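To keep things clear, I will list the structure first and then write my remarks on it.
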Amino acid sequence: IESPQQQQQRITRNITDALNKIGINPKSKGYQYLVDAIQLVIEEPQARLCTTIGNKYHKTEESVERAMQRAIDRAWTTNDVDSLLKYYTAKITSVRAVPTTTEFIYYYSSIIKNEY
């Protein structure tokens, strides 16, 4: 039986593994914001994710949203499409063929939540 701390560490590890597989750079600002957002949605879906994360890091909601979307965009423009589609199987509704921040966060939170 896992302690709550062990469970949280495992979830964080699963999130970072998933982000690394699709090529989101751990050095980008949006990386940690995405990890936090996915964790928050796993714990309890919220309407104001960017506000919550912005408050944690003393950033504006807009800058958090922008950083997360930039990290996703960069992964989609710099990595092999076949690799991306292997690890991100959700339908992308954006005209640009890149998932929105919300689509991305909720996709990975549901995948990871179903793993435990």
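Of the residues making up the stretch 9-24, those that are without any contact (Cβ under 8 Å) to a residue 12 or more places away in the chain and farther than 18 Å from residue 85 by Cα are 9, 13.
When you check residue 21 against the structure, is it within 21 Å of residue 111 (Cα to Cα), surrounded by 13 or more Cβ atoms within 10 Å (Cβ to Cβ) and modelled with pLDDT under 95, yes or no?
On the way: within 21 Å of residue 111 (Cα to Cα): yes; surrounded by 13 or more Cβ atoms within 10 Å (Cβ to Cβ): yes; modelled with pLDDT under 95: yes.
Yes.
Restricting attention to the stretch 49-82, the residues being over 14 Å from residue 98 (Cβ atoms) and among the polar types (S, T, N, Q) number 5.
Restricting attention to the stretch 1-12, the residues that are assigned to a loop (DSSP other than H, G, I, E, B) and open to solvent by less than 70 Å² (accessible area, probe 1.4 Å) total 1. Is there any pair with a first residue in the stretch 43-55 that is open to solvent by 60 Å² or more (accessible area, probe 1.4 Å) and modelled with pLDDT of 90 or more and a second that is assigned to a loop (DSSP other than H, G, I, E, B) and hydrophobic (A, V, I, L, M, F, W, C) whose Cβ atoms are under 7 Å apart and which are 6 or more apart or on different chains, and what are they? Cβ pairs passing all conditions: none.
Name the residues in the stretch 73-103 that are under 15 Å from residue 25 (Cα atoms) and not hydroxyl-bearing (Ser, Thr, Tyr), would you? Correct list: 73, 74, 75, 76, 79, 80, 84.
Figure legend. Inter-residue proximity from the stretch 93-116: first residues modelled with pLDDT under 85, second residues surrounded by fewer than 20 Cβ atoms within 10 Å (Cβ to Cβ), beta-carbon distance below 6 Å, spacing 6+ or different chains. Indicated pairs: 94/100.
Counting only helices (runs of 4 or more DSSP H) that sit completely within the stretch 13-103, those holding 3 or more residues that are of a type in the set (A, V, I, L, M) and under 13 Å from the mean Cα position of the chain (by Cα) correspond to 29-43, 61-78.
The values are calculated or read from the model by the stated rules, or taken from the named source; none is laboratory data. What you see is a predicted model; the values in this text were computed from it and never measured. In this analysis, Cβ positions are derived from the backbone assuming ideal geometry, glycine residues included, and neighbour counts consider all displayed protein chains. The accessibility values were calculated without ligands, DNA or RNA, using every heavy atom of the protein model including side chains. Shrake-Rupley method; radii C 1.70, N 1.55, O 1.52, S 1.80 Å.
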